[in-house]
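Data block below; observations after.
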Amino acid sequence: MRIELSEEQLLLQDTVRRFAAEVVAPRAKEIDESGVFPREFFARAAELGLTGVAVPEQYGGAGMDVVSYCLVIEEISRACASSGVILSVNNSLVCDPILAFGTEEQKREFLTPLAAGEKIGCFALTEPEAGSDAAALRTTARRDGDDYLLDGSKVFITNGLAADVAIVFASVDLSRGHKGITAFLVPMDTPGLTRGGHQYKLGVQASGTTELFFENLRVPARYRLGDEGQGFRIAMATLDGGRIGIAAQAVGIARGAFEEARRYARERQQFGRAIAEFQTIQFYLADMAVEIDAARLLTWKAAWKKQQGGRYSLEAAQAKLFASEAAQRVTNKALQIHGGYGYTREYNVERYFRDARITEIYEGTSEIQKLVIAEQILRA
Amino acid sequence: MPPGSGLDFALTEEQELLRAEVRRFAEERLRPGLAERDRSHELPVAVLREMGEMGLLGMLVAEEYGGAGQDPLTYCLAVEEVARVCPSTAVTMSVTNSVCQWPIQRFGSDELRRRVLPELAAGAEFGGFGLTEPGSGSDAGAMQTVARRDGDDWILDGQKAWITNASIGKWFVVLARTDPAAGKRGISAFVVGREMPGFAAGAPEEKMGLRASVTGSLFFNACRVPASHLLDAEGQGLRIAFATLDHSRLGIAAQAVGIHQRALELALAYARERVQFGVPIVEHQAVRFTLARMATELAAARTLTRHAAALSERSPEAGRLASEAKLYASEAANRACFDALQIHGGNGFSEEYEIARLYRDVRVTTIYEGTSEMQRLVIARHLLAG
């Protein structure tokens, strides 16, 4: 056991840290307030290979490993959580399943431009009545000659407002439950697909989250990802990987809040001295650091396990559960250290506090993570 | 620190083998009689001798001094496996390995090492560490024990409290004031033997947990210690003590991880068997979620501990990481034992169930070798430095 980053990983971390400081951080507040999807950021991230970090170079990716991917998401999210989730979705929820389950033709047509960042992807699983219970989705796909016709709607789709491609989950036979669910690669300009408007949220405002509506949406059979009925398995396997990205995002948000709080505590004078000299503030900072370090180690461990091949559902769920809950506590303490100023928009910490909240919800709520973890440990 | 070759969370084959061997040994030799030894406050001395023969009581000592020459991570794996069965034996093991032998090897003269380490490393004798006094716990620098020079010897006067292995140990690393005017810089570390004139060990204390380990006071009444038993130089005592604790906290973190592991196993087994409302209680979501949390915190505690151990003595971050591991692992293990007992309901309150003893045993892990509060101070000092 040795947990030290390689030279390449350190170089990547340094490059992304600089990119985040120069390009991402300066616009974080602005896009949080406007809610405008940062297309320019996506394009510049693409130049650095961040839109397909762990995708092989032959398919337009940067050809790096899963831990490197975590480093990217942590650094970007430390500066701007909206930007972090935009990349996480493109990498984990869109590129990954095409790489794992797509045909060679699908990889060339869809994966290559997505990994290279020429196109933006989104993942359309959740529906108004099917959140944690994803198998209860109602969107249908009806075979029609060489095509499928999709009808239904999706909600809370990150990147939805800006995406060029969606992976859509629909049922070819509702009576078969999760065994009827099938995945499709859908160009967003296909007639019959409409997007909703900007969805105002508590945090990650600029992530382009919206609804999608399908009405007699015609998708050629060659765009079906995997077999009929394989969709639920594809979705679950994809979310295992996605959870690693969200865990890394939570670590980044928590670290951002911690660093701001530490700086503020050193500067802020009360009772004639810097508040960092008070034991309570020191203890807050210590607890925050411990949780961040533990969350990062669990995240890297899940990433390492994924890289090794084999199952990593347990590790990914533990990392996601731990890191997202740690991010709540850390951002809350960071805001507390800032006092009244922390409650204002003058400081970044209120944004970190709002942005952290979603990490316990999307890509599987904390409750779903606990179900996954319990199932895994009871199986052993 | 130079960049590594990337992350590797796996243990080596040797480490896995040793872990399996220690687990088997602990189940076969330490499991029988656990509850009786807890009731009678009896340290399993015969089993400890066998552990000495296996090399488990001198793991960190180089082979030339009779030790096993193991790395800190391998040592933590062994402590974890022993603690999973008998936390009392684990602390006995941790103290002789870590707070006694480690500083002697690190700061003692070659002559002193050759005199003291072989019998400790072989487990023929046990070691201890005398820092705490009745009036100085967390505030170690306020100690009252003094040592004054007398020719080729030092004369120690004072008392140490809460010393693990007090009445069974032969060699103790003892901190005393050699220059009362110099404050914290006037403290020095000595290796004191129980056969030295003026040394006495008190009777074992009655404790809430870890009852099969021996804890007591040490008394120095004009105790004569040869000058060759000074560690490093005069005035280096607190530095030696803190370096030692930075290291030994890994062992306590590993002990907490072992207890946590056992608490989870007991809770899982009980939840599968116990039927209420017509189903095993593991089918109730509240119980499942509690188990999931225990398992997740165990993974976090274990990873922090192993990471800190792997970097020990190799990184400027090692001290902070050891404190983080000790703080997190001990607090998580306390939560795990609380939750595991809750899952057992009324049965958990009965000493017939193992969880009741674990619940008592785990409590001290947030206290000894630096309370949680001291760990937070250490961590904050690192975070706010520079």
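Any read-out appearing in this document is the output of simple, stated calculations on the displayed coordinates, not a laboratory observation. Computed from a prediction, not measured in an experiment: that's the story for all the values here. Glycine gets a Cβ as well: all are built from the backbone with ideal geometry, and neighbour counts include every protein chain shown.
A few points about this structure:
- Cα pair distances exceeding 24 angstrom across the range B:128-235, given as percent: 18
- Principal axis dimensions, chain B - Cα atoms, whole angstrom, descending: 79, 52, 37
- Of the three principal axes defined by the Cα atoms of the range A:122-229, the extents in descending order read 41, 29, 21 Å.
- Computed over the alpha-carbon pairs of the range A:211-340, the distance histogram in 10 Å steps reads 12, 30, 22, 18, 11, 6, 2, 0 percent, short to long.
- For the protein assembly as shown, the Rg and Dmax computed from alpha carbons only, in angstrom: 29.2, 104
- Fluctuation leader among B:Leu210, B:Leu57, B:Leu311 - chain B, Gaussian network, Cα springs under 10 angstrom: B:Leu311
- Phi-based couplings in Hz for the range A:44-53 (Karplus 6.51, -1.76, 1.60; Gly and Pro marked x): 6, 5, 4, 4, 8, x, 8, 8, x, 4
- Overall, chain B carries a charge dipole of about 740 debye about its Cα centre when +1 sits on the Cβ of Lys and Arg and -1 on the Cβ of Asp and Glu, all other atoms neutral.
- Rounded to the nearest 500, the 222 nm mean residue ellipticity of chain B from helices alone is -15500 deg cm²/dmol, with -39,500 (n - 2.57) taken per DSSP H run of at least 4 residues.
- Aspartates and glutamates with Cα under 13 Å of A:Lys179, excluding same-chain neighbours fewer than 8 positions away: A:Asp227, A:Glu228
- Value of D in µm² per second that Stokes-Einstein yields for chain A, Kirkwood Rh from Cα pairs, at 4 °C (1.567 mPa s): 62
- Ordered by the count of other Cβ atoms within 10 Å of each Cβ, fewest first, A:Arg345, B:Arg148 give A:Arg345, B:Arg148.
- The aspartates and glutamates within cross-link reach of B:Lys170, meaning a Cα-to-Cα straight distance under 20 Å and a gap of 8 or more places when in the same chain, are B:Glu42, B:Glu50, B:Glu53, B:Asp110, B:Glu111, B:Glu119, B:Glu125, B:Glu133, B:Asp153, B:Asp157, B:Glu195, B:Glu205.
- Taking amide H as placed 1.01 Å from N in the peptide plane, B:Met59 has its amide H under 5 Å from the amide H of B:Ala68, each at least 5 places away in sequence or on another chain.
- Helix-only [θ]222 nm of chain A, DSSP H runs n ≥ 4, -39500 (n - 2.57) each, per residue, nearest 500: -16000 deg cm²/dmol
- B:Thr145 long-range amide H proximity, modeled H, under 5 Å: B:Gln159, B:Arg177
- Comparing mean-square fluctuations of B:Ala256, B:Ala269, B:Ala340 from a GNM of chain B with C-alpha springs under 10 Å, the top value falls on B:Ala269.
- Of the residues B:Arg288, B:Arg320, the one with the fewest other Cβ atoms within 10 Å heads the list, and the complete ranking is B:Arg288, B:Arg320.
- Amide H contacts under 5 Å for A:Glu127: A:Val155, restricted to partners 5 or more places along the chain or on a different chain, H placed in the peptide plane at 1.01 Å from N.
- Inter-centroid distance (Cα atoms) of the range B:1-72 relative to the range A:316-380, Å: 37
- Centroid-to-centroid separation of the range B:285-360 and the range A:97-169 [C-alpha atoms, Å]: 41
- The 3J(HN,Hα) values that the Karplus relation (6.51, -1.76, 1.60; θ = phi - 60°) gives for the range A:235-252 are, in residue order, 4, 5, 5, 5, 5, 3, x, x, 4, 5, x, 5, 4, 5, 4, 4, 4, x Hz. Gly and Pro appear as x.
- Of the residues B:Gly137, B:Gly58, B:Gly128, the one that moves most in a GNM of chain B with alpha-carbon contacts below 10 Å is B:Gly137.
- Its Cα centre serving as origin, the protein assembly as shown has a Cβ charge dipole (Lys and Arg +1, Asp and Glu -1) of approximately 1120 debye.
- Residue order, fewest to most beta carbons within 10 Å, for A:Ser92, A:Ser366, B:Ser136: B:Ser136, A:Ser366, A:Ser92
- Of all aspartates and glutamates in the structure, the ones whose alpha carbon falls short of 19 Å from that of A:Lys154, not counting any fewer than 8 places away in one chain, are A:Glu127, A:Glu129, A:Asp133, A:Asp164, A:Asp173, A:Asp189, A:Glu211, A:Glu215, A:Glu363.
- Spherically averaged projected area in nm², based on the convex hull that wraps the Cα atoms of the range A:257-334: 5.2
- In the range A:1-134, the alpha-carbon atoms span a convex hull of 141 Å³ per residue.
- Size of the range A:1-76 as Cα extents on the principal axes (Å, biggest first): 44, 28, 17
- Separation between Cα centres of the range A:250-292 and the range B:151-219, rounded to whole Å: 38
- Cβ charges +1 (Lys, Arg) and -1 (Asp, Glu), total dipole of the range A:269-343, debye: 340
- Across the range B:129-136, computed HN-Hα scalar couplings (Karplus, 6.51 cos²θ - 1.76 cosθ + 1.60, θ = phi - 60°) run 9, x, 10, 5, 10, x, x, 9 Hz from first to last residue, x flagging Gly and Pro.
- Counting only other chain Cβ atoms within 10 Å of each residue's Cβ, the peptide B:283-289 averages 3.
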